[in-house]
């Protein structure tokens, strides 16, 4: 419980024992320890079997995006098992539509490293207790979407991978050059050893080497995705039902052109 020792009627409801402290859960990625949390998994299954009729609406209370996302924490609470929800806010990635009336299109939710986030949570919580800091202000500063905790996973929830559909969409594709015309993920790049760059116990970046254009440890996230698409669709020629009516030669040319475009230095 993160509030000070207040009377029950002065304590926020969601800080009381037995209540879920978080408004909701971004559950694009969830990790379970099956040895210790087997009952939680079964309880989650139960909540989802009866979710559409009962539990989804009960857990979300009418909020947008009701579904399985809120069953995980509820199941852990019901089973009396420990769990941790990443405190750092997700980072929204997307692109700006430069056409008249266009705006920002959020395409993915970048989720932070849970281990480093937990270390930061422990440190912040200890400071709160020792220095009597205001938790709301401290949390706002430490756990914002743009804090130093590196991205761990990406939930690409908008426009699932479908190059055949992309190539027909004039809003995102260059119809003349037969390639993508926008980057979905805000030019996101990451390093393979990103966990070593920042530690909550050391506010300074560990790796102070200057960034170079040819850094072998740096990965262009979007380019990497398209290279994987090319490998699966065009090299291995694995077939998918949703692409059965499309001309795969044209699709692969679109993929190839997009990779070349993304690979150009900007």
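The values are calculated or read from the model by the stated rules, or taken from the named source; none is laboratory data. This is a predicted model, so every value here is computed, not measured. Glycine also receives a Cβ, built like all others from the backbone with ideal geometry; neighbour counts cover every protein chain displayed.
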Under 30 Å from residue 119 (Cβ atoms) and surrounded by fewer than 16 Cβ atoms within 10 Å (Cβ to Cβ): does that describe residue 187? yes
Can you find a residue that is part of a loop (DSSP other than H, G, I, E, B), at pLDDT 80 or above and over 24 Å from residue 107 (Cα atoms) anywhere in segment 249-263? no
So, residue 154, is that one surrounded by 15 or more Cβ atoms within 10 Å (Cβ to Cβ), over 26 Å from residue 100 (Cα atoms) and touching a residue at least 60 places away in the same chain (Cβ under 8 Å) or not? yes
When segment 157-171 is examined, which residues are found to be under 19 Å from residue 220 (Cβ atoms) and either touching a helix residue (DSSP H, G or I) at 6+ places or on another chain (Cβ under 6 Å) or surrounded by fewer than 17 Cβ atoms within 10 Å (Cβ to Cβ) (or both)? 159, 161, 163
Is there a residue in segment 182-199 that is in contact with a strand residue (DSSP E or B) (Cβ under 8 Å, 6 or more places away or on another chain), at pLDDT 95 or above and assigned to a helix (DSSP H, G or I)? no
Take residue 138 and tell me if it is touching a helix residue (DSSP H, G or I) at 6+ places or on another chain (Cβ under 9 Å), surrounded by 13 or more Cβ atoms within 10 Å (Cβ to Cβ) and closer than 30 Å to residue 12 by Cα. yes
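Let's see how each residue does on (1) modelled with pLDDT under 90; (2) assigned to a loop (DSSP other than H, G, I, E, B); (3) in contact with a strand residue (DSSP E or B) (Cβ under 8 Å, 6 or more places away or on another chain):
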residue: 171; (1), (2), (3): no, yes, no
residue: 177; (1), (2), (3): no, yes, no
residue: 211; (1), (2), (3): yes, yes, yes
residue: 216; (1), (2), (3): yes, yes, no
residue: 225; (1), (2), (3): no, no, no
residue: 234; (1), (2), (3): no, no, no
residue: 245; (1), (2), (3): no, yes, no
When residue 67 is evaluated against the numbered criteria (1) in contact with a helix residue (DSSP H, G or I) (Cβ under 8 Å, 6 or more places away or on another chain); (2) in the same structural domain as residue 187 (by TED's automatic domain parsing), which criterion, by number, is the only one it fails? (2)
Can you work out which of the residues in segment 235-265 that are free of Cβ contacts under 8 Å to residues at least 40 places away in the same chain and within 17 Å of residue 185 (Cα to Cα) is surrounded by the fewest Cβ atoms within 10 Å (Cβ to Cβ)? 264
Look at residue 95 and say whether it is in the same structural domain as residue 18 (by TED's automatic domain parsing), over 17 Å from residue 26 (Cβ atoms) and either surrounded by fewer than 18 Cβ atoms within 10 Å (Cβ to Cβ) or in contact (Cβ under 8 Å) with a residue 40 or more places away in the chain (or both). no
For residue 127, are the conditions met, namely being in contact (Cβ under 8 Å) with a residue 12 or more places away in the chain, more than 14 Å from the chain's Cα centre (by Cα), surrounded by 14 or more Cβ atoms within 10 Å (Cβ to Cβ) and more than 27 Å from residue 191 (Cβ to Cβ)? no
